[in-house]
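Quick notes on the structure that follows.
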Amino acid sequence: MTDLPAPGRSTRSVHLTEHVDPATGSIIAPVHTNSAFAYADVPSWRAAALGETPGHIYARNSNPTTDRFEAKMAALEGTAAATSFGTGMAAISTTLMALLGPGRRAVTVTDTYGGTHLMFSQILPRWGVDCVVVDTDDHEALEAAIAEGCDLLYLETPTNPTLKVLDIARLSAAARAVGAVTVVDNTFATPINTRPVEYGADIVLHSASKFLGGHGDVLGGVVCGSEELVHRVYALREIIGTGMDPHVAAMFLRSLKTLGLRVERHNATAQAVAEHLAAHPAVERVAYPGLPDHPGHDIAASQMEGFGGVLSFSLVGGMPAVEKVCAELEYAYLAANLGQVETIAGPPATTSHVELTDAERAEAGIPEGLIRYSVGIEDTADLIADLDRALSAL
Ligand SMILES: *Cc1c(COP(=O)(O)O)cnc(C)c1O
């Protein structure tokens with residue numbers, strides 16, 4: 001018999017790490033709701049507690065349902081291990097707290113997610129971490145900041161909401177040269193479009209609340225990497241209690257089966273919408289890595305299999321035009337989310353960067369008169385007709 005070819009995106013999403021439950025024959029991962037797990041005697045309990053034999057002790061530490069979500073995410077990202085969290089920010093903050101401390105130096109970019117930006121600008125400095133925040137557009141300045149000494153390099157690509165693209169291979173090589181760990185927030189790309197470890201990243205993390213969940217009905221986070229690094233993050237997670245609930249893990253396991261299908265549709269629709277808007281007279285500028293004139297297009301083409309489901313655009317009429325168009329859109333919810341099957345639109349001041357003041361947003365290079373548009377899985381032609389109709393109101 002010949003071997004099967006390497007499975008494609010949807011086959012991976014459906015089948016990776018899935019198995020029939022030996023106790024019941026269940027095809028779907030059972031939801032284990034135990035707070036604690038029982039043992040027949042003290043020696044077997046002690047052996048499991050010490051990690052000498054496999055077994056669960058208490059649900060803040062581990063649970064069979066969350067284990068299955070973690071195994072699936074590790075397989076999708078191509079890492080040895082993963083650990084899961086109650087939200088994306090829990091994943092990010094726990095990782096940074098686990099890997100950094102007084103006297104450590106972290107290098108990151110201006111255009112990270114709003115909550116992440118505050119970790120680097122305000123929270124970590126309070127704990128004695130030296131945080132260097134470099135202009136996202138400047139790879140040379142990033143390399144220079146890394147070469148001056150760095151314990152952790154933190155990247156997000158494409159960025160939110162300006163869709164800037166960072167070269168993971170180039171920057172992680174600079175980090176490795178000084179012994180730094182590279183962490184990549186892969187929320188926007190998803191493992192369907194980019195697997196950052198293939199380009200040298202050490203840790204890949206997600207706000208699972210976005211594309212991984214995909215239906216706007218559940219929050220979560222996940223951190224993927226080597227056994228050693230994930231264990232360091234997990235060791236803090238089990239103490240501070242930022243882990244994922246098993247009911248939520250079951251919802252993510254269901255969502256992940258359609259990840260390949262959904263992301264392919266998001267990619268195709270976002271590309272069509274971006275091209276359409278780029279040619280529209282009321283639109284000043286469209287930011288989407290799939291457009292050939294996007295400054296990060298070549299890097300994106302080298303590390304992304306698709307350019308993702310989020311784009312942003314600015315209007316000739318500025319903020320008043322943004323408010324008018326948002327109000328007219330029929331097939332887009334005005335909400336602070338992205339990556340779900342429904343189209344979501346809104347200005348960054350009310351979505352990704354709501355935690356920042358006007359001055360902080362300006363300093364972070366987040367333009368006010370911008371609409372972030374996360375395409376859903378509606379028919380592409382309907383979304384384009386809706387945008388045309390809303391823009392004609394100007
Ligand atoms: C939403 C988001 C986060 C935060 O995740 P939560 O699940 O909302 O805590 C982090 N990074 C990116 C890129 C995001 O879009």
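Taken together, the values in this text are just the output of simple stated rules run on the coordinates, not laboratory data. Source: prediction; values computed, not measured. Heads up, the Cβs are rebuilt from the backbone with ideal geometry, glycines too, and the neighbour counts pull from every protein chain shown.
Things to note:
- Selected from A282, A106, A180 as most flexible by GNM, with the chain as the system and alpha-carbon contacts under 10 Å: A282
- Our estimate of slack between T11 and H139, defined as 0.36 nm per intervening residue step minus the Cα-Cα distance, is 42.5 nm.
- Build a GNM of the chain with springs between Cα atoms under 10 Å apart, and of A48, A268, A336 the one that fluctuates most is A48.
- Surrounding net charge for E143, when Lys and Arg each add one and Asp and Glu each subtract one, Cβ distance under 14 Å: -4
- Cβ crowding within 10 Å ranks W127, W45 as W127, W45, fewest other Cβ atoms first.
- Extension gain for L261-S35 works out to 77.9 nm (0.36 nm per residue, less the C-alpha to C-alpha distance).
- Each part reduced to its alpha carbon centroid, segment 289-359 and segment 126-162 end up 23 Å apart.
- Shape analysis of the chain yields a ratio of the Cα radius of gyration to the Kirkwood radius, Rg/Rh, of 0.98.
- Pairwise label distance in nanometres, H215 with A80, each label 7 Å out on the Cα-Cβ vector: 3.5 nm
- Note on K257: aspartates and glutamates with a C-alpha under 13 Å away, same-chain residues under 8 apart excluded, are E18.
- Sequence of C131, C326 once ranked by neighbouring C-beta atoms within 10 Å, starting from the fewest: C326, C131
- For K324, the lysines whose Cα falls under 28 Å of its own Cα, not counting residues fewer than eight places away in the same chain, are K164, K210.
- Mean separation of Cα pairs under 8 Å and 6 or more residues apart, divided by the residue count, gives the chain a relative contact order of 17 percent.
- Spin-label model, L236/A359: points 7 Å from Cα along the beta carbon direction are separated by 2.9 nm.
- Taking the fewest neighbouring Cβ atoms within 10 Å as the starting point, the ordered list for K210, K72 is K210, K72.
- FRET efficiency for Q122 and A301, using Cβ-Cβ distance with R0 set to 25 Å, rounded to 0.05: 0.10
- Net charge in the neighbourhood of V132 (other residues with Cβ under 13 Å of its Cβ; Lys, Arg +1, Asp, Glu -1) is -4.
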